1. Sort 192-200, 261-269, 104-112, 51-59 by the packing proxy (mean of other Cβ within 10 Å over each peptide's residues), most packed first.
2. In nm, to one decimal, how far is the A193 label point from the R43 one, both placed 7 Å along Cα→Cβ?
3. Once amide H atoms are built 1.01 Å from N in the peptide plane, which residues 5 or more positions from E180, or in another chain, come under 5 Å H to H?
4. Looking only at segment 104-231, where both bridge partners belong to it, what percent of the DSSP beta bridges are antiparallel (to the nearest 5)?
5. Taking 8 Å as the Cα distance limit and 6 or more residues as the minimum spacing, I'd like the relative contact order of segment 146-225 as a percentage.
6. Could you tell me what percent of the accessible area of segment 175-233 is made up of carbon and sulfur, with a 1.4 Å probe and every protein chain present?
7. How many angstrom separate the Cα center of segment 161-217 from the Cα center of segment 120-149?
Amino acid sequence: MAEASTRLTLLLALISLPLLAIAGFAVYRAVGSALRPVERMRRTVAEISTRDLASRVPLPPGGDEVHRLAVTLNEMLGRLASAQSAQRRFVADASHELRSPLSTISTALDVSSQHPETTDELVPVITRETVRLRELVDDLLMLARTDDTTDRPAQTEVDLDDIVRAEAERVRAETPVEIEVRARPAKVCGSEAQLRRAVRNLVDNACGHARERVRIASSVRGGLALVEVSDDGPGVAEADRERVFERFVRLDASRRRGGTGLGLPIVAGIAARHGGRAQYVDLPDPSYPGAHFRIELPQIELPRIGQE
């Protein structure tokens, strides 16, 4: 009996070895076949350079996890390509804008060196272009800061109604335009300096295009803190109401009166960094038939009267 049991064990072992080898080979082929699309995707991604993001990984058949991985990779490559295109366009636009004041300053200095008697006449030109250049550089730095998602704004309580009143007092001392203020309590969390810059940009934009009056308002609606700035100027064409927040956008002459072309993009960037948005809104108001801009930010709940 013992000898028979031993022989049976040896026989089963001899039979199982080929079966295990076949099973192992089958598993190896199955895993290799399953991972082959992943290897093709890896090679494709490895060949994609930062200069050309047009390539996409091949989509394997079926709707399994590998297929979804390929779709996700292609979507990511598409976002990277869009970001790269926007960055290149921004660099080109910024270079173009910087070239203009630099060329004017360079030309004025050349004329001054060849004709010293014209120096007094050229000083105001150089001063004006230097101020324009400084404003442009400051705006570019602010845009770079709003684009940096790792640099979070300081988290302090900010009263938007205080900013609205302060900006109203500022422009009243600088412009003959009539300023209407509707400052209702609105508290948010963020950087006071950046939020003040956003409101200032909207107010300066409105004052630059208003005929007689500008309205600055703060309020709370639907859990959002709002800042709204309206003017009685020419307004913005419907086709351009989204484009006004793009960098260096070119509008018709009625809405383009100097500036760096970055004021509204800075407003949009600051609002986005604070978890909100900036938009052009339609507010049919006979007193303010021009442009209406709004900043929407998450509100900090104010304590109710009698509540501890």
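The values are calculated or read from the model by the stated rules, or taken from the named source; none is laboratory data. Keep in mind that this is a model prediction, so the values were computed, not measured. Here the Cβ is made from the backbone with ideal geometry for all residues, glycine too, and neighbour counts use every protein chain on show. Calculation scope for accessible area: heavy atoms of the full protein, side chains included, ligands and nucleic acids excluded. Shrake-Rupley method; radii C 1.70, N 1.55, O 1.52, S 1.80 Å.
1. 261-269, 192-200, 104-112, 51-59
2. Spacing of the two 7 Å Cα→Cβ label points: 5.3 nm.
3. Long-range HN contacts for E180: V214, R215, I216.
4. Rounded to the nearest five, the antiparallel share is 65 percent.
5. 39
6. 45
7. Segment 161-217 and segment 120-149 have Cα centres spaced 22 Å from each other.
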